[in-house]
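What follows is a set of notes on a single structure, which appears directly below.
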Amino acid sequence: MDEVATSLKPPDDALRGGFRAPVPVIQLRGNSGNPGVVALVGAGPGDPELLTLKALRLIERADAVVHDRLVAPEILALAPPRVLRIDVGKARNRHTLPQDEINALLVRLARAGNRVVRLKGGDPYIFGRGGEEAEVLAAHGIPFEVVPGISAANGIAACASIPLTHRDHAQTCIFVTGHLKDSRMELDWPALARARQTLVVYMGLLGLPHLCRELVAHGLPGSTAAAVVERGTTPRQRVIVGTVETLPAIVRAATLEPPTLIIVGDVVNLRDALTCRSAGVQAACMAE
Ligand code: SAH
């Protein structure tokens, strides 16, 4: 029998405004008696077509989709109208729901017998706190699975014509978080400043000047190419290119908005040669 918690807002409200705590979700539709399950699903970097088939199947069958701010509206629209959408997304300095409440919400929804899709930008296990959510689910004995997604690093680099590990230029590719702690990034600078590698920095826009300064101070030539990609893989993608020395000033003048991804390394120089070609191929494919 269908049962819907009366205290829930209708799905459309949840989609538009996002839920504010407390979230008294108990039981959704048609699943009473069945054990609940959670899928931690990667939604990819922005372009809805980069969603996996597995993610799509789970979204279509979900009772509830608990999603982040970075998940594209086109992806949320793939959920049938009966599916409850809960926006727990975070904008910098504007937390909608703290992480421990998100964890508790997933547990509550699953315990009530729902098929929950926890939809996260990119890949759930890359800088997305998916690991923490999985730990909580495991600790509570909630069955869960993890569906990988295309992460910002590889999705955005490919769409911005930057081959992260072109073998003539990089033998290593390192993903780091540039999140600032007390105005500093606590990173292994000597390791990051090595030659013949590509560095991809998530959440690094605010710390870009600090990042570039530390890399040069630890031996990376200031002339090393570097790029910031804003809203990668979407129609509003912007790619700002410079060097480790020049990029902070260029970015300041460009007034970028999150989400942005920083890529540092000689592979950024290949962009010019590869951009025309990929644009041409794309145009040809689209025309068919
Ligand atoms: N789990 C996600 C990352 C979450 S952290 C993944 O695998 O991609 C969020 C950070 O990812 C953002 O601050 C930004 O640095 C990066 N990011 C995500 N989507 C992006 C996009 N479309 N364009 C640029 N950067 C993006």
* **Residues within the range 170-179 that are within 16 Å of the ligand (Cβ to nearest atom) and open to solvent by less than 60 Å² (accessible area, probe 1.4 Å), tallied** => 5
* To do: Confirm whether Ala227 is within 16 Å of the ligand (Cβ to nearest atom) and not hydroxyl-bearing (Ser, Thr, Tyr).
  => yes
* Structure fact -> In the set Gly232, Gly204, the lone residue that is farther than 30 Å from Gly113 by Cβ, within 13 Å of the ligand (Cβ to nearest atom) and in contact with a Cys (Cβ under 8 Å, 6 or more places away or on another chain) is Gly232
* **Residue check for Leu137: within 16 Å of the ligand (Cβ to nearest atom) and open to solvent by less than 70 Å² (accessible area, probe 1.4 Å)** => no
* Can you name every residue in the range 213-234 that is closer than 8 Å to Val244 by Cα, β-branched (Val, Ile, Thr) and either outside the structural domain of Ala254 (by TED's automatic domain parsing) or open to solvent by less than 50 Å² (accessible area, probe 1.4 Å) (or both)? -> Thr224
* Structure fact -> In the range 251-271, anything open to solvent by 40 Å² or more (accessible area, probe 1.4 Å) and within 26 Å of Asp188 (Cβ to Cβ) is listed as Pro258, Pro259, Asp266, Asn269
* Would you check if there is a residue in the range 73-84 being open to solvent by less than 50 Å² (accessible area, probe 1.4 Å), in contact (Cβ under 8 Å) with a residue 40 or more places away in the chain and within 15 Å of the ligand (Cβ to nearest atom)? => yes
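From the list Leu180, Leu137, Leu119, which one is under 24 Å from Leu84 (Cα atoms) and in contact with a Leu (Cβ under 7 Å, 6 or more places away or on another chain)? I'd like the intermediate steps shown before the answer.
On the way: Leu180 fails: under 24 Å from Leu84 (Cα atoms); Leu119 fails: in contact with a Leu (Cβ under 7 Å, 6 or more places away or on another chain).
Going through Leu180, Leu137, Leu119 in turn, just one is under 24 Å from Leu84 (Cα atoms) and in contact with a Leu (Cβ under 7 Å, 6 or more places away or on another chain): Leu137.
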* Asked: Among Ala153, Ala138, Ala193, which is small (Gly, Ala, Ser), under 26 Å from Glu245 (Cβ atoms) and in contact with a strand residue (DSSP E or B) (Cβ under 8 Å, 6 or more places away or on another chain)?
  -> Ala153
* To do: Could you list all residues from the range 180-212 that are open to solvent by less than 10 Å² (accessible area, probe 1.4 Å), under 24 Å from Ala158 (Cα atoms), not in a helix (DSSP H, G or I) and not small (Gly, Ala, Ser)?
  => Thr198, Leu199, Val200, Val201
* Are any residues in the range 147-169 open to solvent by 50 Å² or more (accessible area, probe 1.4 Å) and among the aliphatic types (A, V, I, L, M), and if so, which ones? -> Ile150, Ala158
* the range 103-124, subset among the charged types (D, E, K, R) and buried (at least 23 other Cβ atoms within 10 Å of the Cβ), residue farthest from the ligand (Cβ to nearest atom) -> Arg118
* Specify which of the listed residues (Phe144, Phe127) is open to solvent by 50 Å² or more (accessible area, probe 1.4 Å), touching a residue at least 60 places away in the same chain (Cβ under 8 Å), in the same structural domain as Asp100 (by TED's automatic domain parsing) and farther than 16 Å from Ala39 by Cα. => Phe127
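The values are calculated or read from the model by the stated rules, or taken from the named source; none is laboratory data. No experiment lies behind these values; they were computed from the predicted model shown. Positions of Cβ are backbone-derived with ideal geometry, glycine not excepted, and every protein chain shown enters the neighbour counts. Note: areas computed on protein heavy atoms with side chains; ligands, DNA, RNA excluded. Shrake-Rupley method; radii C 1.70, N 1.55, O 1.52, S 1.80 Å.
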